[in-house]
Amino acid sequence: MKIFNTLTHKVEEFVPNEAGKVSMYTCGPTVYHYAHIGNLRSYIMEDVLEKYMRYDGLDVKRVMNITDVGHLTSDGDTGDDKMLKGAKREHKTVMEIAKFYTDAFFSDCAKLNIKTPDVVAPATQCIDDFIKVISALIEKGYAYEAGGNIYFDTSKLKEYYVFHNFNEEDLEVGVREGVEEDSNKRNKADFVLWFTKSKFDDQELKWESPWGVGYPGWHIECSCISMKNLGEYLDIHCGGVDNIFPHHTNEIAQSEAYLGHKWCNYWFHVHHLNTNSGKMSKSKGEFLTVSLLEEKGYDPLVYRFFCLQSHYRKGLVFTWENLDNAKTAYDKLIFRIAQLTADGNKGEVDKQAFDQLKNSFKKAMDEDINTSNAITVLYDVLKADTNAATKLALIGDFDRVLSIGLIAAAEKLADEKTTADIPAEVMALAEERQAARKAKDFAKADELRDKIAALGYAVKETRQGTEITKL
Ligand code: AMP
Ligand code: ZN
């Protein structure tokens, strides 16, 4: 299996440290608000990566943090504490906010068929681990105290900007304009490991430490939670591209300074979900959630399908029209699978056909998790010259990775008996009619509706897609 490694800027063969086993770390959500569907694009694609590794026979252990302390509105250690901002907004305590939005996050994940990682660790439960690593960094001369805070000294490293050739766009979130300089820092790139002198007098969560009562910086939590649960050698670390700098750059700096050797071999970054006005982000105030999609009548799995139609290393533009197109395609797919499930004479699985198509699927996924090509293989299965049993076996097999609920949705549809008895001729006319409607050729669409009626069927558009019923 090959993946693009942000560290080397190359698509490389993925070779874990220990044959057959994978240690995988994912930056988790900052739980001060709902996850938006952009955040969830990252989690969907990481879920596909994890599931494909498992599908490929690898034994994956995946760890994710929950950021419930220390993440400021600028990733460069300035601005307000995001958790405190959330608590003020809702007149609740920080821990109430953390609990509410952690639950909301996992509820969204469940709706999107995103598997919960093997270990989920809230930062507030790992304070002792942070203190241990920060103390060691001070001892080794990589960290210093200034103005009451503890900073990582980036000048002590041979190379700090390890992901050097990232795009300007990727830097945008981390390095915002107009943030005030912290005069305690010896070097511009230095970052906070532990805050005691914070400008937030009302910082709710504080802990005793050798440097006074305070709280950890954001970056240290991922390094510590990863090392604690996955050991000194990490195979793969994931996140959105906005995490490349400064977050992941800082994680590497402090982890490798602490360990004294290379820490993580592969860095997997998902590109952003954008709207027509740029990156979807919470700070802009307007963002879309899974609940909003549901309110508008979309199955969350349609959004997952929409994400899978594009490669994770390309920016993806969200518009309602694009989502509608994904919905139409998804509904048709389910419709066609429902016809297979309803087929009384499914036959026996044809091993040769099965292996051949499975290989095509693996080939697509092996090429840097090319989900859009993998979906093309799914259509090839439907068109293949083989029986229903083989097709259904393949669809079920691919869906272990894609997780778009194909068999379950098709069985439900078949149960509703909406498709079972509809002749292929009527189906073809209905598809032609839909294409005419899309092209706004309503005269042709009406003509086709009449033809369908002449064959004894009624066709109409519903929120769930095209519905065909016997007259
Ligand atoms: P946060 O909760 O802000 O810490 O972000 C959670 C995850 O979502 C991180 O991996 C981010 O890199 C990622 N992310 C943030 N915005 C977007 C976006 N518009 N599209 C895709 N991923 C994003
Ligand atoms: Zn992280």
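The values are calculated or read from the model by the stated rules, or taken from the named source; none is laboratory data. What you see is a predicted model, and the numbers here were worked out from it, not measured in a lab. Glycine also receives a Cβ, built like all others from the backbone with ideal geometry; neighbour counts cover every protein chain displayed.
Residue 66: away from ligand 2 (no atom under 16 Å from the Cβ), of a type in the set (A, V, I, L, M) and under 20 Å from the mean Cα position of the chain (by Cα), yes or no?
no
Restricting attention to region 264-299, which residues are more than 16 Å from ligand 1 (Cβ to nearest atom) and more than 30 Å from residue 137 (Cβ to Cβ)?
291, 294, 295, 296, 297, 298, 299
When you check residue 225 against the structure, is it among the β-branched types (Val, Ile, Thr), closer than 24 Å to residue 15 by Cβ and within 15 Å of ligand 2 (Cβ to nearest atom), yes or no? Before you say what the answer is, go through the steps one by one.
Details: among the β-branched types (Val, Ile, Thr): yes; closer than 24 Å to residue 15 by Cβ: no; within 15 Å of ligand 2 (Cβ to nearest atom): yes.
No.
Given the residues 213, 241, which is the only one that is of a type outside the set (Asp, Glu) and under 25 Å from residue 51 (Cα atoms)?
241
When you scan region 190-231, how many residues do you find that are part of a loop (DSSP other than H, G, I, E, B) and under 25 Å from the mean Cα position of the chain (by Cα)?
Qualifying residue count, region 190-231: 2.
Among all residue pairs at least 6 apart or on different chains, which show Cβ distances below 8 Å where the first residue, located in region 453-469, is loosely packed, with under 12 Cβ neighbours inside 10 Å and the second is in a loop (DSSP other than H, G, I, E, B) and modelled with pLDDT under 90?
Between residues of region 453-469 that are loosely packed, with under 12 Cβ neighbours inside 10 Å and residues that are in a loop (DSSP other than H, G, I, E, B) and modelled with pLDDT under 90, the close pairs are 456/471; 469/418.
Considering only region 21-36, state which residues are near ligand 1 (Cβ under 8 Å from one of its atoms) and within 21 Å of residue 402 (Cβ to Cβ).
Hits for region 21-36 are 26, 35.
Restricting the first residue to region 154-172 and requiring it to be modelled with pLDDT of 95 or more, which pairs with a second residue that is in a helix (DSSP H, G or I) and surrounded by 14 or more Cβ atoms within 10 Å (Cβ to Cβ) meet a Cβ separation below 6 Å and a spacing of at least six or different chains?
Sorted first by the residue in region 154-172, then by its partner, the pairs are 157/253.
Find the residue count for region 233-263, including only residues that are within 11 Å of ligand 1 (Cβ to nearest atom) and polar (S, T, N, Q).
The qualifying residues number 1.
Does residue 450 qualify as being exposed (fewer than 13 other Cβ atoms within 10 Å of the Cβ), under 23 Å from residue 349 (Cα atoms) and either of a type outside the set (Gly, Ala, Ser) or in contact with a strand residue (DSSP E or B) (Cβ under 8 Å, 6 or more places away or on another chain) (or both)? Before the answer, list the steps.
Working: exposed (fewer than 13 other Cβ atoms within 10 Å of the Cβ): yes; under 23 Å from residue 349 (Cα atoms): no; either of a type outside the set (Gly, Ala, Ser) or in contact with a strand residue (DSSP E or B) (Cβ under 8 Å, 6 or more places away or on another chain) (or both): yes.
Against the criterion (exposed (fewer than 13 other Cβ atoms within 10 Å of the Cβ), under 23 Å from residue 349 (Cα atoms) and either of a type outside the set (Gly, Ala, Ser) or in contact with a strand residue (DSSP E or B) (Cβ under 8 Å, 6 or more places away or on another chain) (or both)), residue 450 does not qualify.
Out of region 232-256, which residues are within 15 Å of ligand 2 (Cβ to nearest atom), outside any helix (DSSP H, G or I) and in contact with a Ser or Thr (Cβ under 6 Å, 6 or more places away or on another chain)? First the steps, then the outcome.
Pass one, region 232-256, residues within 15 Å of ligand 2 (Cβ to nearest atom): 234, 236-255.
Imposing the further condition that a residue be outside any helix (DSSP H, G or I) reduces the set to 234, 236-240.
Across region 232-256, the qualifying residues are 234, 238, 240.
So, in region 11-32, how many residues would count as being within 16 Å of ligand 2 (Cβ to nearest atom) and closer than 12 Å to residue 233 by Cβ?
2
Can residue 32 be described as over 16 Å from the mean Cα position of the chain (by Cα) and closer than 28 Å to residue 319 by Cα?
Against the criterion (over 16 Å from the mean Cα position of the chain (by Cα) and closer than 28 Å to residue 319 by Cα), residue 32 qualifies.
Looking at this structure, is residue 355 touching a Gly at 6+ places or on another chain (Cβ under 6 Å) and charged (D, E, K, R)?
On the way: touching a Gly at 6+ places or on another chain (Cβ under 6 Å): no; charged (D, E, K, R): yes.
No.
The rows are residues; the columns are (1) surrounded by fewer than 23 Cβ atoms within 10 Å (Cβ to Cβ); (2) more than 30 Å from residue 310 (Cα to Cα).
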site	(1), (2)
205	yes, yes
212	yes, yes
217	no, yes
229	yes, yes
259	yes, yes
265	yes, no
269	no, no
275	yes, no
